[in-house]
Amino acid sequence: MTDRTPHDDAAPGSSDPEKVHTFDLIDEVPGVSDSAPGTDGTDPDDTEPGAGPDTQADEAAGAPGPREPGRAALALGSARAATGRTARRARAAVRRRLPTSRRGRALLVGGTAAVVVLAVAGAALVDAQVRHRDLLAAPGGVRSLAERPAEQWELDLENPISATLVRMPGVLTVVGDGKVQGVDPASGEVRWTVDVGENAWCGPTPWVGIGGPATTGPADPLVCVTFSDGTDEAGPEQGVTVVDPDGTVTTRELDPGGHVVPGPDGALVHLEPVGQVPEQEPVVVDKTGTAHLPKDFVAPDVTVRVEDAATGTERWSETLSAGEPEASSCLTYNQVGDDAPVPLLDVRGGLNANLEQGILDIDGCGVSAAFLLDGTRLDDPAHAGDLEAGAAVGQFTALPDGGWVGPDQTDAPAGETSLPNQVAHLPHGETVSLGGQALVPWATDGRDPGLLLVRAGLNTVALSTDERDAGAVLWTARLLRGTDLLARVGGTAVLVDELGAVRAVDLGTGAERWVLDPQVLGFEGGVWDAGSTIFGAYTDGDVLLLPVTADPHGGASGLHLVAVDLRDGTVRWEIEQETPYTQVVSVDGHLAQITQQGVVGLG
């Protein structure tokens, strides 16, 4: 269940009478009076009006005599009498123990209040711990950004520029120099090392040098495709190495020449053309330099198979029907020495599988498709053959709170601007037409606010994602031309405005909270692609850290770390770095970064 913003005011301690439970205190136990009851449960002194002694005697003379009570009735009467006496004694004992003085009663009230305060404080502590845990589990969650961080540890690498940092549960994984090293993110201690060879491809890995929604979770386990020096007729020998967070390794051989890609959750993605695959051969290039496919060339269908990397067990598969291909999707280029590159027909080499923003994108010679990691096909297979090369790639994005967004295939009008109209597919099965483009957060606090921000025309709109009113408009921020949602944290949304400013709004109302001057991030001329300037977003719940290029216009290299206070938009601290490398990751709340010498821990 999601927490709708604004939160319900009727929390613990609320004054809302409809949401506070009350209890009535009773003075009597039902069926028990202050005096001893009779055998029938009535007081012996209680008689009907006018039924005095004479009347009772007359009635007795003219009526048969009453039957003596049996043993069961006598026992029941005794039990009731005992119950009454016990209740009266208990009330008296309680009254004797209640303080009679004003000071004593004050102490009693104070003690009760202390118990209530402790209970409320305990609940608040538990809630804070849960929120902290959710924050650290979210991509970009950091333990503290209150102070300017310093280097806490360093790990030297022979070739840091080609190294990659990968998040694993509680482990910072450094892939480079022909090995994988599992590093303690807090101390920098190398816990384990696995040799994988110089050309290993490990993943899933984040995109380097570009910002965007961090929807790829930690690698658990890490999957590495390895290559050996030997080759056969089918191609280079391949293998797969699966590394668990504790350093446990599983390896197995793969078919040579197959096109395989490491995936999340211990998956391995296979792409295999169906039937006879054309041999590699040069293609004709006309006078304009345009390459042309052979006459009567027909692109083969392609099977996508996802299997368990450690065991080879298939998880799911689907065959993609190929359409009329564009030449560029079927070619690779071969260059010998200083000669000009020669375009080759290469169906296998043209196949690509990318894991980006929680989506598996497939494109190649005449094929294009998008899948969720469980095998759910996102694009429409009926129109796949009519699409241009790579048409499905980058069109879908997983949502951090579940579900995904993609293009509206009903040909609905885009609205006031040329922005695409998208549809949100929510976790509970609802499908909502957004009337614009979804703004997926780069960083969150791990909490679901029950809404989705959308750029609709010249405005930014909040739509409900709650199953009770999915798609309902909660608020509209007029003339907020949001292009990217950098953070959604603690009831605040931080957006990049296409005019250059960074604006924070209240998630519950859309009211503007603060504005960061465009000059701080170098956006004086407006923003066309924030992802090429801002390389990620990190937060501790109070501060937002943005690594940005030192010169958005490309005149100088370097990195600029800017920490912005989420409460008022002031810049807490800044760090100017000469290193042009942009790999910054957060693992278990600890920051790490690639430098010109290796990897450093920041804290």
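I'd like the residue in segment 142-174 that is over 25 Å from the mean Cα position of the chain (by Cα) and buried (at least 17 other Cβ atoms within 10 Å of the Cβ) and, out of all such residues, is farthest from Val223 (Cα to Cα).
Pro149
Considering each of Pro278, Pro245 in turn, give the residue that is within 21 Å of Thr303 (Cβ to Cβ) and not hydrophobic (A, V, I, L, M, F, W, C).
Within the list Pro278, Pro245, the selection yields Pro278.
Look at segment 475-505 and say how many of its residues are touching a residue at least 24 places away in the same chain (Cβ under 8 Å) and over 16 Å from Val527 (Cα atoms).
Selection size over segment 475-505: 12.
Could you list all residues from segment 320-339 that are part of a loop (DSSP other than H, G, I, E, B) and out of contact with any Leu (no Cβ under 8 Å at 6 or more places or on another chain)? Can you show your working first?
Step one: filter segment 320-339 for residues part of a loop (DSSP other than H, G, I, E, B), giving 321-326, 335-339.
Within segment 320-339, Ser321, Ala322, Glu324, Glu326, Gln335, Val336, Gly337, Asp338, Asp339 meet the criteria.
Any residue in segment 347-370 that's more than 20 Å from Gly403 (Cα to Cα): show its pairings with residues that are of a type in the set (Ser, Thr, Tyr) at Cβ separation under 8 Å, as long as the two are six or more apart or on different chains.
Hits for this filter: Gly349/Thr332; Gly350/Ser329; Gly350/Thr332; Asp363/Ser329; Gly364/Ser329; Cys365/Ser329; Gly366/Ser329; Val367/Ser321.
Would you point out which residue out of Ala424, Ala501 is touching a strand residue (DSSP E or B) at 6+ places or on another chain (Cβ under 7 Å) and at pLDDT 95 or above? Explain how you work it out, then say what you get.
Values: Ala501 fails: at pLDDT 95 or above.
None of the others qualify; the one that does is Ala424.
For residues in segment 220-237 being of a type in the set (Asp, Glu) and at pLDDT 85 or above, which is farthest from Ile594 (Cα to Cα)? Break it down stepwise before answering.
First, the residues of segment 220-237 that are of a type in the set (Asp, Glu): 220, 229, 232-233, 237.
Adding the requirement that they be at pLDDT 85 or above leaves 220, 237.
Working: Asp220: 22, Glu237: 31 Å.
Looking at the filtered set, the residue picked out is Glu237.
Answer yes if at least one residue in segment 410-420 is open to solvent by less than 20 Å² (accessible area, probe 1.4 Å), in a loop (DSSP other than H, G, I, E, B) and either modelled with pLDDT under 95 or under 25 Å from Pro262 (Cβ atoms) (or both), and no otherwise.
No.
Given the residues Gly217, Gly178, Gly209, which is the only one that is closer than 27 Å to Gln238 by Cα, at pLDDT below 90 and open to solvent by less than 60 Å² (accessible area, probe 1.4 Å)?
Residue meeting the stated conditions: Gly217.
Just give me the residues in segment 334-368 being within 22 Å of Gly266 (Cβ to Cβ) and touching an Asp or Glu at 6+ places or on another chain (Cβ under 6 Å), in sequence order.
Listed by number, the residues that qualify are Asn352, Asn354.
Here are some conditions: (1) open to solvent by 60 Å² or more (accessible area, probe 1.4 Å); (2) more than 30 Å from Trp153 (Cβ to Cβ); (3) modelled with pLDDT under 90. Pro552 meets all but one. Which one does it not meet?
(1)
For segment 334-377, how many residues meet the condition of being under 18 Å from Leu426 (Cα atoms) and open to solvent by 10 Å² or more (accessible area, probe 1.4 Å)? Walk me through it before giving the result.
As a first pass, look at segment 334-377 and keep what is under 18 Å from Leu426 (Cα atoms): 357-359, 370-377.
After this cut, where a residue has to be open to solvent by 10 Å² or more (accessible area, probe 1.4 Å) as well, the list is 357-358, 372-377.
Number satisfying all stated conditions: 8.
Could you check segment 538-549 and list, in sequence order, the residues that are closer than 18 Å to Gly141 by Cβ and either charged (D, E, K, R) or open to solvent by 10 Å² or more (accessible area, probe 1.4 Å) (or both)? Walk me through how you get there before you give the answer.
So the first thing to find is which residues in segment 538-549 are closer than 18 Å to Gly141 by Cβ, and the list is 538-547.
Matches in segment 538-549: Tyr538, Asp540, Gly541, Asp542.
Show me the strands (runs of 3 or more DSSP E) found entirely inside segment 534-603 where at least 3 residues are under 19 Å from Gln519 (Cβ atoms).
Correct list: 543-549, 559-565, 571-577.
The values are calculated or read from the model by the stated rules, or taken from the named source; none is laboratory data. Keep in mind the model is a prediction, meaning the values are calculated, not measured. Please note: Cβ atoms are built from the backbone with ideal geometry, for glycine as well, and neighbour counts cover all protein chains shown. Just the protein is used for accessible areas: all its heavy atoms, side chains included, with ligands, DNA and RNA removed. Shrake-Rupley method; radii C 1.70, N 1.55, O 1.52, S 1.80 Å.
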